[in-house]
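Okay, so here's the structure we're looking at.
Just so it is clear, none of the values below were taken in a lab; they were calculated from the coordinates. Being a predicted model, the structure only gives us computed values, none of them experimental. As a convention, Cβ positions derive from the backbone with ideal geometry for all residues, glycine included, and neighbour counts pool all protein chains shown.
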Amino acid sequence: MPSSLGNSSMTFNDANLFKSESIRANEISLNELLDDGLYHYLHGEWSLANAKFFTYILKQQECFDQKIEALYFYSKSLFNDGNYHMASEAQLNLLLHLDQFDARYDDILWDSGMVALQIDRAKANRIMYRISIDSNSSNQGNAIQMIDLLKE
């Protein structure tokens, strides 16, 4: 008996094609979020960048490396926006996922010390001390100077 809506049955191949198109649309949407976040970040539009990176982080389920990159810029944009408590949480999360030899690790550890200066001086001292004893840190000299300033 023919349907009044025409042939409404979907074949297995049609379902796979639909699923494939849906996945591709999601990838484009995720790439647009990341690109938009980077655009806003580069233009100093911290709140807009935060929103794009946060949405990307929530939606990205597949690519761990890209999610780490988004978290990196998310934490940097929160810091630049003066949202120190959220920046601190994002930085801690990022430090847990980065290898100590990743160049971003050194950068984020320094930023976490700068954030800690705004919300917890004792924590800032601990972070600066940690950096100051790391001979591989590009911020070792800066941390030593910061420790001296914090003593004053």
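Residues Tyr84, Tyr39, arranged from fewest to most other Cβ atoms within 10 angstrom of their Cβ, appear as Tyr39, Tyr84. Protection proxy ranking of 41-47, 31-37, by the mean of other Cβ atoms within 10 Å over each peptide's residues and highest first, is 31-37, 41-47.
Can you tell me the dipole magnitude for the range 46-88 around its Cα centre, using point charges on the Cβ only (Lys, Arg +1; Asp, Glu -1), in Debye to the nearest 20?
Here the size comes out at about 100 debye.
In terms of packing, defined here as the mean over residues of other Cβ atoms within 10 angstrom, the peptides 99-105, 88-94 line up highest first as 88-94, 99-105.
In terms of its C-alpha gyration tensor, the range 82-152 comes out oblate, because a/c is 1.5 or above while a/b does not outweigh b/c.
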